[in-house]
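Heads up, the thing below is written out as structure tokens.
Taken together, the values in this text are just the output of simple stated rules run on the coordinates, not laboratory data. These numbers come from a predicted model, not from an experiment. As a convention, Cβ positions derive from the backbone with ideal geometry for all residues, glycine included, and neighbour counts pool all protein chains shown.
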Amino acid sequence: MVDKEKQSSLKKFEKRVFSGVQPTGGLTLGNYLGAVKRFVEMQSEDYETIYCVVDQHAITAWQNPLELRENTRQIAAFFIAAGIDPNSAILFNQSAVPEHAQLGWIFNCVARMGWMQRMTQFKDKAGKNSQNAALGLFAYPALMAADILLYHATHVPVGDDQKQHLELTRDIAIKFNHDYKVDFFPVTEPVIGGTASRVMSLRDGTKKMSKSDPSDLSRINMGDDADTIFLKFKKAKTDAGALPSEIPGLKNRPEAENLITIYSALSNQSIESTLKEVGGKQFSEFKPILAELAVELLSPISTEMNRLMQNSEEIDIILSKGADRARKIAGPILQKTYEIIGMLQP
Ligand code: TYM
């Protein structure tokens, strides 16, 4: 029998991918198209891939403990159902690898207050009541930098909303290297491009599709059944015009642009070629075509996710093996960091 684990540890990768998803309940088409679909694609390319369910990020807002455990398994099930192969990619949950929190503390001491105060996601999430937000919500991007740099990851696939956090990660790596006169942490490449780096709400093409939007009609959830998907696309906001055949025709038509973006990402084609295919159609004709494609691609993922969720032991074993593999990489990098900064390890 081929020992896959041994084989992959022998393989020499120059490029290492790290990314994570929060288990805060509910997964949207935005999470899939903006992130997880690309995690799967990068796995088949020339990268070593590490994917994490970031449960410690989730508790920056209070989580019901029973739900947090289930949601953690659900994200793992989603990763696997979407096509991540846990024998090749390292798949684990963040709290099982304590080195994340350890390096996170060090980065709290590297990042500057001014940098953190610029983070727009903190402002959005804390809202008007920022004095009552958890300190962890404010410090969160430093922990995210630790997630990435703990593996010396070179590439981080994320949706557009994480761009500012990746810039901060680069700033932290540069400042650490400068302060300690080392060339230790890499300056990570964000992998944001792609067709669907920003999937928008189905009710308002200027707002991001999000699990926290009060309207369920604003998003496609990964567990939605076929009827619901058809209904949501049918009710999606649009303008009165027909679809254009060329990109300039999408200007100032955010809802049209969003539906075209979703269709392009689902069908793995560029916006240009989608417009060649569907240009001239009315929305009433295009929406069912889009819904049909979404159902065709998403329903096998939901079915497999549900099957895995019935076998939580199987998920736990995968996560536990993944955490062991992750610690083999993270441990030495943390030790070296401690050495650099002068932490006595008697
Ligand atoms: P999270 O859990 O909010 O989202 C997970 C991933 O989904 C992407 N995403 C979207 N992409 C396109 N359109 C949308 N509407 C949309 N909604 C969500 C997000 O950009 C993200 O890539 N801070 C991160 C988790 C994290 C992380 C990390 C990511 C923690 N540590 C280290 C990369 C590397 C977050 O809250 O993602």
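Things to note:
- Summed residue charge, Cβ within 11 Å of Pro254's Cβ, Lys/Arg positive, Asp/Glu negative: +1
- Members of Lys211/Lys232; Lys125/Lys251; Lys208/Lys235; Lys207/Lys237 lying beyond 23 Å, as alpha-carbon distances in this model show: Lys125/Lys251
- Listed peptides 279-286, 45-52 by packing density, highest first (mean Cβ within 10 Å): 45-52, 279-286
- Extension gain, Arg69-Ser212: 0.36 nm per intervening residue step, less the Cα-Cα distance, totals 49.5 nm.
- Computed from the Cβ-Cβ distance with R0 of 25 Å, the FRET efficiency linking Trp105 to His178 stands at 0.80.
- The chain: relative contact order in percent, alpha carbon pairs under 8 Å with at least 6 residues between: 22
- Sorted by Cβ neighbour density within 10 Å, fewest at the top, the residues Ser212, Ser95: Ser212, Ser95
- Distance from segment 283-346 to segment 70-114 (C-alpha centre basis), Å: 8
- For the chain, modelled as a GNM whose springs connect Cα atoms under 10 angstrom apart, the maximal fluctuation among Ala145, Ala35, Ala240 occurs at Ala240.
- Listed by chain and number, the lysines whose C-alpha is less than 17 Å from the C-alpha of Lys175, apart from same-chain residues fewer than 8 away, are Lys336.
- Judged by the mean number of other Cβ atoms found within 10 Å, the most tightly packed of the peptides 116-124, 262-270, 152-160 leads the ranking 152-160, 262-270, 116-124.
- For Leu293 and Asp85, a Förster radius of 25 Å and the Cβ-Cβ distance give a FRET efficiency of 0.55, rounded to the nearest 0.05.
- Shape of segment 94-201, Cα gyration tensor, a/c cut at 1.5: oblate
- Based on alpha-carbon atoms, the Kirkwood radius and the radius of gyration of the chain give Rg/Rh equal to 0.98.
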